[in-house]
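A.B. asks: Have a look at this one.
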Amino acid sequence: MNRKPDYEKYSLQELYEAAESVDTNLYPERAKEIRDKIQLRIENPREEDEELLNRLKEVAHQKEKQSKDWKGSLVFAVTIFIALVASIFSGKLVTRTYEVSFEDNPMLFYFVTVLFVGFIGHLLIKADEQYRRDKGGDTKD
């Protein structure tokens, strides 16, 4: 007594739930039918499905934004690292408004260098967290 469900009556949310719960090994045809119905419903949504589709689009947009976030953080960290290495070799840390020289004030030079190293570390940790979140992994080890 294995009655076949009428997926035409299912909402998009119910189709997603059915796709997650169907045993694809036992019912491969049913799983394919559900996937096909979902695709058809995405292409031709009912009014009741609009809210779910909007949420799915928002999630996709957030994932895309996060992907750009970690790449930007990584590029920024590498750029600061290169500038820091150049500053260490030259003995001068230069910003738009201020210059710290190792020759003039070694303690301040070391202090600012350590701050920059900490900032780079922070950026790398954030980029790693964003990358793992983007890839669907855990952010904590």
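A.B. asks: Going through 58, 103, 33 one at a time, which residue ends up being surrounded by 14 or more Cβ atoms within 10 Å (Cβ to Cβ) and out of contact with any Pro (no Cβ under 6 Å at 6 or more places or on another chain)? Steps first, answer last, please.
C.D. replies: Details: 58 fails: surrounded by 14 or more Cβ atoms within 10 Å (Cβ to Cβ); 103 fails: surrounded by 14 or more Cβ atoms within 10 Å (Cβ to Cβ).
On inspection, the qualifying residue turns out to be 33.
A.B. asks: List, please: which pairs have Cβ atoms under 8 Å, are six or more places apart or on different chains, and start with a residue in region 100-112 that is among the aromatic types (Phe, Trp, Tyr) and end with one that is surrounded by 12 or more Cβ atoms within 10 Å (Cβ to Cβ) and in a helix (DSSP H, G or I)?
C.D. replies: Between residues of region 100-112 that are among the aromatic types (Phe, Trp, Tyr) and residues that are surrounded by 12 or more Cβ atoms within 10 Å (Cβ to Cβ) and in a helix (DSSP H, G or I), the close pairs are 102/109.
A.B. asks: For region 50-64, give me each residue that is modelled with pLDDT under 80 and in contact with a helix residue (DSSP H, G or I) (Cβ under 7 Å, 6 or more places away or on another chain).
C.D. replies: Step one: filter region 50-64 for residues modelled with pLDDT under 80, giving 60-64.
The answer is 63, and nothing else.
A.B. asks: What number of residues in region 8-31 are under 24 Å from residue 55 (Cα atoms), within 33 Å of the chain's Cα centre (by Cα) and not acidic (Asp, Glu)?
C.D. replies: Looking only at region 8-31, we keep the residues that are under 24 Å from residue 55 (Cα atoms), and these are 8-22, 31.
Add one more test, that the residue is within 33 Å of the chain's Cα centre (by Cα), and what stays is 10-22, 31.
Keeping just the survivors that are not acidic (Asp, Glu) gives 10-13, 15-16, 18-19, 21-22, 31.
Of the residues in that region, 11 qualify.
A.B. asks: Could you tell me how many of the residues in region 65-96 are over 30 Å from residue 106 (Cα atoms) and touching a helix residue (DSSP H, G or I) at 6+ places or on another chain (Cβ under 9 Å)? Quick ask: steps written out before the conclusion?
C.D. replies: So the first thing to find is which residues in region 65-96 are over 30 Å from residue 106 (Cα atoms), and the list is 65-72.
Next, only the ones that are touching a helix residue (DSSP H, G or I) at 6+ places or on another chain (Cβ under 9 Å) stay: 66-67, 69-72.
Count: 6.
A.B. asks: How do the pairs read when you match residues in region 113-136 that are among the small types (Gly, Ala, Ser) with residues anywhere that are crowded, with 17+ Cβ neighbours inside 10 Å, using Cβ under 7 Å and keeping only pairs 6 or more apart or on different chains?
C.D. replies: 127/70; 127/73; 127/74; 127/77
The values are calculated or read from the model by the stated rules, or taken from the named source; none is laboratory data. Just so you know, these numbers come straight off a predicted model, no measurement behind them. Cβ atoms come from the backbone with ideal geometry, glycine included; neighbour counts cover every protein chain shown.
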